[in-house]
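Have a look at the structure below before the remarks.
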Amino acid sequence: MKKIVATLLGLWMLSALALAEDVAIRDGVPERYTVRDGDTLWGISAMFLRDPWRWPEVWEANPQIDNPHLIYPGDVIALVYVDGQPRLTIERNGQGVATSGPAAGGGSYPASGRTVKLVPRIKEIPHQEAIAAIPLDIVNTFLARTRVVQPGELEAAPYVLAGHERRLLSGGGDDFYVRGALQTGVDFYGVYRQGAPYVDDATGEVLGIKAEDIGSGQVKATDGDVATLQATRSEREIRVGDRLLVHEERRLDPTFFPVAPDADIRGKLIDVEGGVSQVGTLSVVAINRGLREGLDTGNLLAIYKKGEAVKDRMTGETLTLPSKRAGLLMVFRAFEKMSFGLVLTADRPLAVGDEVRLP
């Protein structure tokens with residue numbers, strides 16, 4: 001996690017090339033804000049800026065701080081103006097303290113006619129981790145439970161043949177039997193069940209198949225094409241017919257930073273995690289654009305509420321009103337034909353079918 005945060009924040013901060021004069025500061029923002037546990041860089045940016053992803057354009061690194069690209073609880077974010085333009089700076093406890101000489105803990109100096117000897121001492125500082133850029137817990141929990149496969153991939157995978165003592169259902173700690181070609185040298189597998197397909201309504205193309213996470217298993221023994229596994233984790237009961245895929249550690253890519261896509265992306269929300277109909281802030285959504293359209297991890301997209309259909313009383317025609325911007329999402333996992341994103345802001349309830357475009 002430390003590596004993820006360090007790389008993420010470092011790349012984000014270093015991406016700024018120049019101060020943009022048109023970065024808008026929110027009305028009534030505080031001149032100083034003390035970072036707290038649970039804060040995110042995105043949340044702090046949104047407090048000061050109308051467009052939070054433009055944080056690097058107003059960021060001014062403090063040369064007194066060893067690594068200004070990490071922000072910790074207790075740091076103070078200050079809003080200042082340089083040549084009439086807004087900038088955000090960081091103040092850290094202990095800045096301005098001498099790092100050598102008597103004041104740093106060694107030698108002596110005169111005070112009130114006396115010579116006072118200073119003895120070096122070790123100062124204990126509580127261990128703290130830098131704040132995350134976005135709510136990583138939401139993203140990583142989703143990535144751990146959701147997998148997208150191509151048509152036919154699950155059907156070709158090894159399957160659960162039976163439970164121990166011919167049981168139809170198995171749970172955590174139970175043995176179960178699998179038939180199919182397991183990979184040599186691989187001991188851990190994820191157990192999945194085929195879910196609904198992700199479909200592009202406009203073209204009818206199947207963009208991927210949801211593989212629902214059921215649990216995990218470890219290989220104990222093999223006999224021909226039948227293997228005995230023990231369920232090491234079960235989110236739901238493992239059933240006969242469930243499929244096995246090689247277990248993979250899927251967490252947020254540590255090398256991305258929020259930025260607008262290079263390509264002119266125009267797509268739609270096609271699904272929302274959790275089976276709900278309304279989309280709001282911190283919802284995980286699927287969109288019908290992916291790597292082949294030039295979309296990648298870290299790309300920001302504006303969400304536009306689909307315009308309503310109205311009847312022109314003068315001509316009798318039925319027209320669709322223009323879409324209106326209503327939110328912002330960031331892509332955290334991009335596949336060839338589709339992507340998953342986290343909704344960072346939502347000015348009103350959003351829904352499947354709303355449009356996504358360049359921010």
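Every read-out reported here was derived from the displayed coordinates using simple, explicitly stated rules and does not represent laboratory data. As the structure is a computational prediction, the values presented were derived from the model and not from experiment. Here Cβ is always computed from backbone atoms with ideal geometry, including for glycine, and neighbour counts include all displayed protein chains.
In a simple Cβ point-charge model (Lys, Arg +1; Asp, Glu -1; nothing else charged), region 185-298 has a dipole of about 220 debye relative to its Cα centre.
Quick one: net charge around PRO73, please, counting Lys, Arg +1 and Asp, Glu -1 for every other residue with C-beta under 14 Å from its C-beta.
Working: positive: ARG36, ARG92; negative: ASP37, ASP39, ASP75, GLU91, GLU129.
Neighbourhood net charge equals -3.
What size of dipole, in debye to the nearest 20, comes out for region 139-246 about its Cα centre when the only charges are +1 on Lys and Arg C-beta atoms and -1 on Asp and Glu C-beta atoms?
Values: 12 positive and 16 negative charges, 55 e Å.
Dipole size: approximately 260 debye.
Of all aspartates and glutamates in the structure, the ones whose alpha carbon falls short of 19 Å from that of LYS210, not counting any fewer than 8 places away in one chain, are GLU153, GLU155, ASP200, ASP201, GLU235, GLU237, ASP242, GLU248, GLU249, ASP271, GLU273, GLU336. Under 13 Å of direct C-alpha separation, and excluding same-chain neighbours fewer than eight residues apart, LYS306 reaches these aspartates and glutamates: ASP354, GLU355. Taking 0.692 mPa s as the viscosity and 37 °C as the temperature, the Stokes-Einstein diffusion coefficient of region 251-359 based on its alpha-carbon Kirkwood radius rounds to 229 µm²/s.
Using the Cα centre of region 267-357 as origin and beta-carbon charges of +1 (Lys, Arg) and -1 (Asp, Glu), tell me which of ASN299, LEU321, VAL284 is placed farthest towards the positive end of the dipole. Comparing the listed Cα positions along the dipole, LEU321 ranks first. Cα gyration tensor of region 139-246, axes a ≥ b ≥ c as square roots of the eigenvalues: rounded (a/c below 1.5), prolate (a/b > b/c) or oblate? Since a/c reaches 1.5 and a/b is larger than b/c, the shape of region 139-246 is classed as prolate. Dipole check for region 267-357: with +1 at the C-beta of Lys and Arg, -1 at the C-beta of Asp and Glu, and the Cα centre as origin, the magnitude is about 140 Debye.
Maximal additional length on extending the VAL80-LEU169 stretch stands at 25.8 nm, based on 0.36 nm per residue less the C-alpha distance.
Quick check: net charge around ALA157, other residues with Cβ under 12 Å of its Cβ, Lys/Arg +1 and Asp/Glu -1? The partial results should precede the final answer.
Details: positive: ARG147, ARG179, ARG193, ARG243; negative: GLU153, GLU155, ASP242.
Spelling it out: positives minus negatives among the neighbours equals +1.
By the scheme Lys and Arg +1, Asp and Glu -1, what is the net charge of all other residues having a beta-carbon under 12 Å from that of LEU207? Provide the component values of the computation, followed by the final result.
Details: positive: LYS210, LYS268, ARG289, ARG292, LYS337; negative: ASP200, ASP201, GLU205, ASP271, GLU293, GLU336.
Residues near LEU207 contribute -1 overall.
If packing is taken as the mean number of other Cβ atoms within 10 Å per residue, what is the order of 208-215, 308-315, 167-174, highest first?
On the way: 208-215: 20.0, 308-315: 8.6, 167-174: 15.6.
Highest to lowest by the protection proxy: 208-215, 167-174, 308-315.
Of the peptides 149-161, 282-294, the order by per-residue mean of other Cβ atoms within 10 Å, starting with the highest, comes out as 282-294, 149-161.
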